[in-house]
Amino acid sequence: MRIDRRKLMISAAALLGSAALSPALAGKSAVYTGLVAGTAVGGYDPVAYFTKGKPVRGSSKFTVKHQGVNWRFSSAANRDAFKASPGRYAPAFGGYCAWAVSQGYTAKGDPRAWKIVGGRLYLNYNRSIQKRWERNQAANISAGKRNWPKVLNRSQVRSGPLRRHTV
């Protein structure tokens, strides 16, 4: 049996073209869920950062589905507050590392490396990266806003140490 190379190439191009249009392949999720599969903020309660001033683990008893992922809360009151105003409590940049987004890429956000600035919750890769981000916080937030959500369509989320940048 002889394979027609032209037909094979056309078929391959059509297959690749349809894959490129698939939302799952087009880019990353707008909400980082790498720490606890399918769950935002690593399973921590995003409202608690504002009400308790610290990270508090959420419970699977109090959940909400928002932006296609599960969000956990430590109480029904926090769950209801989030449902009423998710934009107020959800972390900036979908919970990805604020430093990485300011630099034009994504990396995991650690719920224990956090800060509220201007009424928004920001997560960073770790506390060391957070200190770097804080050195020029206003400029990094502005750069992150310019880069977001374009960074979602770039390379995969970095899970290892972030590349070195001079500040």
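Looking across 104, 87, 53, 94, one residue alone is free of Cβ contacts under 8 Å to residues at least 40 places away in the same chain and on the phi > 0 side of the Ramachandran plot. It is 53.
Within region 29-67, being aromatic (Phe, Trp, Tyr) and within 15 Å of residue 124 (Cα to Cα) holds for 32, 44, 49. Looking at region 53-80, which of its residues are touching a strand residue (DSSP E or B) at 6+ places or on another chain (Cβ under 7 Å), within 20 Å of residue 110 (Cα to Cα) and of a type outside the set (Ser, Thr, Tyr)? Within region 53-80, 55, 56, 57, 58, 69, 70, 71, 72, 73 qualify.
Screening 82, 93 for residues that are under 14 Å from residue 29 (Cα atoms) and either among the hydrophobic types (A, V, I, L, M, F, W, C) or out of contact with any Ser or Thr (no Cβ under 9 Å at 6 or more places or on another chain) (or both) leaves exactly one candidate, 93.
When the residues of region 40-55 are filtered to those that are of a type in the set (Ser, Thr, Tyr) and out of contact with any Gly (no Cβ under 8 Å at 6 or more places or on another chain), the one that is farthest from residue 72 (Cα to Cα) is 51.
Checking 64, 36, 117, 47 one by one, the residue that is surrounded by fewer than 22 Cβ atoms within 10 Å (Cβ to Cβ), over 14 Å from the mean Cα position of the chain (by Cα), more than 24 Å from residue 147 (Cβ to Cβ) and among the hydrophobic types (A, V, I, L, M, F, W, C) is 64 and no other. In region 79-108, which residues are farther than 17 Å from residue 119 by Cα and of a type in the set (S, T, N, Q)? Scanning region 79-108 gives 102, 103, 106.
Bear in mind these aren't lab numbers, they're just calculated from the coordinates by the rules spelled out. Quick caveat: nothing in here was measured; it's all calculated off a predicted structure. When we count neighbours, we look across all protein chains shown, and the Cβ atoms used for this are built from the backbone with ideal geometry, even at glycine.
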